[in-house]
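Take a look at the structure set out below.
The values are calculated or read from the model by the stated rules, or taken from the named source; none is laboratory data. Since the structure is predicted, the reported quantities are computational estimates derived from the model, not experimental observations. FYI the Cβ positions are ideal-geometry reconstructions off the backbone, even for glycines, and counts take in every protein chain you see. Areas reflect the complete protein model, heavy atoms only, side chains present, ligands, DNA and RNA absent. Shrake-Rupley method; radii C 1.70, N 1.55, O 1.52, S 1.80 Å.
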Amino acid sequence: MENHVSQKLKTSIEKIMEVNFGNNIKNGNKRQVYEAVLTATNEILAEKRYEYSKKVKEQEAKQVYYMSMEFLVGTSLKNNLWNLEAEDDIKAFLAEYGFDIEEFYEMEPDAGLGNGGLGRLASCYMDSMTTLSYPITGFSIRYEFGIFKQVIIDGWQNEFPDSWIDQAGYWLNPRADEEIEVHFFGNIKEHWTDKGLTTEHTDYVSVMAKPYDLFISGYDTEAVNTLRLWSAKSTSGFNMDLFSKGEYVKSTENEAIASSISKVLYPADDKIEGKSLRLKQQYFFVSASLQQITKEHYKKYGTFESFPDKAVIHINDTHPSLCVPELMRILMDDYGYVWDAAWDITANSLAYTNHTVMSEALEKWPIDLVKSHLPRIYSIIEEINRRFCQFIYTNHPELSASIDKMAIISEGMVKMANLCIAGSYSVNGVSKLHSDILKTDTFHNFNIVYPDKFTNVTNGITHRRWLCQANPLLSQLLTEKIGGGFKKSLSDIEKFNEFYYDEAVLSRLREIKKENKKRLADYIAQKNGIEVNCDSMFDVQVKRLHEYKRQLLNVLQIIDLYRKIKFQGFRPLPQTYIFAAKASAGYFMAKEIIRLICAVSDMVERDPDVRDFLKVVFIADYKVSLAEIIIPAADISEQISQAGKEASGTGNMKLMINGAVTLGTMDGANVEIYEAVGPENIFIFGLSTQEVNDLYHRGYRPEDFYNANQSIRDVLEFIKSGGIGGKNFDSLYHYLMYSDPYMNLADFASYCDAHRRVEEAYRDEARFTQMSLKNIANAGIFASDRSVTDYANHIWHVKPVQ
Ligand code: Z15
């Protein structure tokens, strides 16, 4: 039975072909029909959005405003059609005219408005909130260029601009009627009025923020939410005087400076970039968003007393931390509230998620930078800091010695995490382990002062994209065996455990994995020119390239394996190692690791003694749409970060739900995967967080592990001697021997041993498929539907709007 939405879509596609192109589908070219399909789908969502937002308004429902510098949206066409339950109909409809919907899917570029886990999490949460009919608005920047395109030349990563809007701009709905002005630089003047001492911001530079709304669909719901992306432009267009004088370049300078704010996403994941433009980006989207939110609230309620009951502003990592002083500024300067009243409203409306404990990722800004760019904001931060320190001295004299660490301003810097903790009513980590580390270690003192603020919400993923859409064969099998209810409530997937001994189901699982491996093998053949054996075990490590994630440890094991095959007659199970990762552009060590992976790949490929047992593939340009091809094909999921460093991980969950078995350390959400599947369905190795800390405090010396282990010596000397294709990797050799900050060498032996256990398990086909089934069937708790329900009930206190 054809649904109502499909019918509407078809009519609309036909109409758009006529109106936009004076054509019809039959005679249309691919580009025209592509545009018509996207435009029609967007229109359906716009209509649904209108109906839903009316209900939200009528019910005066409390709303979530999710502030994030990143939303890693990926592609939208397939997701939207699938959510609208119109995919099959539209596919058939297009096929009637000789168009293959898969080709349209491939034409759509990823909206790569994020780096990695943090940005993708934000997008998963938008999907789940919408599916569960909660009102949420995401706020971010309409970057003209998303995360760079990665091209590998001779093993070295090169970056190219990712211009996505031409081909995917159909989803962006401009709202010129809601432009907002944001102020930078200038001076502040204080003067007395009948309201007391007031502060005026003068001589500022204005930038206009123009919103573009991207509609977020949900599955089996009336709800459609919006992701509002702000674009920067100058207030004045260009300078007509200069233009008339023939100074063409100069005449457009102001516009160029203003629009640079929304030009490009910073490509550093988990590492701070203390640049002026980055600070401007942060304030730009925070200020525009909060001005809009407060304006709407005031129009409706005429007061901000009710603000914390009607709105919660979520700060995704510290990047939007200026929400704290900006909300204070708006309440005081624009609406006349006095400090205490403004603080009461602010500190009861903001909630903060921390995503890392790595010191280089904990944001801090030089005082001078904040002061010059945002003088009014800086003066407010100073006052927040003064009162905060006063509070600590008065109420926690025992912490006086720690005041430098806890202060919002100290050592010439503004400490953004401290600002967020002081200014939010809730602070959460993203896995049980990570949230514990926040309380006992990173923010130990804050936990003494505000014990009730700290909570945990373990991350989750939307299984609709990562299972149903990415792995339709597995989704089909699940539907046959346990019914389709899991699409809306993933806890149903637990029923799949019943098929643990069902030979037919186990063999179906193997067939499905094989098909997915073939799909990936085709991609690899086409892009890398490498033939991989689909009967070999696919071992996958896909994520950003970072030292702490230890792709290097993975390569060391591979080199060890290579040497044992080549020189010691070892005959392992045939295995294919698949890597994909972007390194941030200026991160030398990360790029060296990519170069090493590529060199090992070449070396193995050229060696007839080895290549039938071992393949190594580095797939370039990892992104959401590529992840959707790689992840369903994985047998083994490598999650090998140094314990205590990966806040959660979410790739681990995507791989698990697609039947990959985790090979990992007790880090982040791996700990909870371990609890969910049991020790016999996961491969755990390496030092625990506690052991890492102990070793660190005793003094870690990588040479000790070198001296104690023959394999480590062989591998390191092999690298040093030019064994890897005659290439020079001295920098990596020295890094490992004399620094090794993430203790690769300490975990090497245990990691190699884990690999042998993996091989042994994989050789027992029946047993391995059972492990795989257990992983699928116990992935229910990692649904982002569960995560957002936790947020809604325990942090945001919001209810669905039906
Ligand atoms: C990022 O992707 C993450 C943390 C950060 O502080 C930044 Cl700046 C970017 C990741 C964590 O590394 C990862 O463990 C976690 O799963 C993800 O955020 C989502 O919480």
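Checking 785, 704, 694, 730 one by one, the residue that is among the acidic types (Asp, Glu), farther than 29 Å from residue 512 by Cα and in contact with a helix residue (DSSP H, G or I) (Cβ under 8 Å, 6 or more places away or on another chain) is 730 and no other. The helices (runs of 4 or more DSSP H) found wholly in the stretch 84-134 and carrying at least 3 residues that are away from the ligand (no atom under 16 Å from the Cβ) and charged (D, E, K, R) occupy 87-96, 101-107.
For (1) outside any strand (DSSP E or B); (2) without any contact (Cβ under 8 Å) to a residue 12 or more places away in the chain; (3) open to solvent by less than 10 Å² (accessible area, probe 1.4 Å), each residue gets a yes or a no:
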{"site": "394", "(1), (2), (3)": "yes, yes, no"}
{"site": "401", "(1), (2), (3)": "yes, yes, no"}
{"site": "404", "(1), (2), (3)": "yes, yes, no"}
{"site": "421", "(1), (2), (3)": "yes, no, yes"}
{"site": "455", "(1), (2), (3)": "no, no, no"}
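Candidates are the residues of the stretch 256-275 that are touching a helix residue (DSSP H, G or I) at 6+ places or on another chain (Cβ under 7 Å) and modelled with pLDDT of 95 or more; the one that is least open to solvent (accessible area, probe 1.4 Å) is 261. Of the residues in the stretch 341-349, not one is within 16 Å of the ligand (Cβ to nearest atom) and surrounded by 16 or more Cβ atoms within 10 Å (Cβ to Cβ).
Looking at the stretch 287-298, can you tell me whether even one residue there is without any contact (Cβ under 8 Å) to a residue 60 or more places away in the chain, more than 16 Å from the ligand (Cβ to nearest atom), assigned to a helix (DSSP H, G or I) and over 31 Å from the mean Cα position of the chain (by Cα)? For the stretch 287-298, residues without any contact (Cβ under 8 Å) to a residue 60 or more places away in the chain, more than 16 Å from the ligand (Cβ to nearest atom), assigned to a helix (DSSP H, G or I) and over 31 Å from the mean Cα position of the chain (by Cα): present. The sole residue among 128, 68 that is in contact with an Asp or Glu (Cβ under 6 Å, 6 or more places away or on another chain), open to solvent by less than 10 Å² (accessible area, probe 1.4 Å), in the same structural domain as residue 216 (by TED's automatic domain parsing) and not β-branched (Val, Ile, Thr) is 128.
Mind checking whether some residue in the stretch 518-540 is within 16 Å of the ligand (Cβ to nearest atom), open to solvent by less than 10 Å² (accessible area, probe 1.4 Å) and closer than 30 Å to residue 720 by Cα? No, the stretch 518-540 contains no residue that is within 16 Å of the ligand (Cβ to nearest atom), open to solvent by less than 10 Å² (accessible area, probe 1.4 Å) and closer than 30 Å to residue 720 by Cα. For the stretch 371-387, does any single residue satisfy the condition of being modelled with pLDDT of 95 or more, within 16 Å of the ligand (Cβ to nearest atom) and closer than 15 Å to residue 274 by Cα? Scanning the stretch 371-387, I find no residue that is modelled with pLDDT of 95 or more, within 16 Å of the ligand (Cβ to nearest atom) and closer than 15 Å to residue 274 by Cα, so the answer is no. With respect to the conditions (1) over 30 Å from residue 58 (Cα atoms); (2) crowded, with 24+ Cβ neighbours inside 10 Å; (3) not polar (S, T, N, Q), residue 95 falls short on a single one, namely (2). Taking first residues from the stretch 102-118 that are under 30 Å from residue 354 (Cα atoms) and partners that are modelled with pLDDT under 95 and within 16 Å of the ligand (Cβ to nearest atom), the Cβ contacts under 6 Å between residues at least 6 apart in sequence or on separate chains come to 115/269; 116/269.
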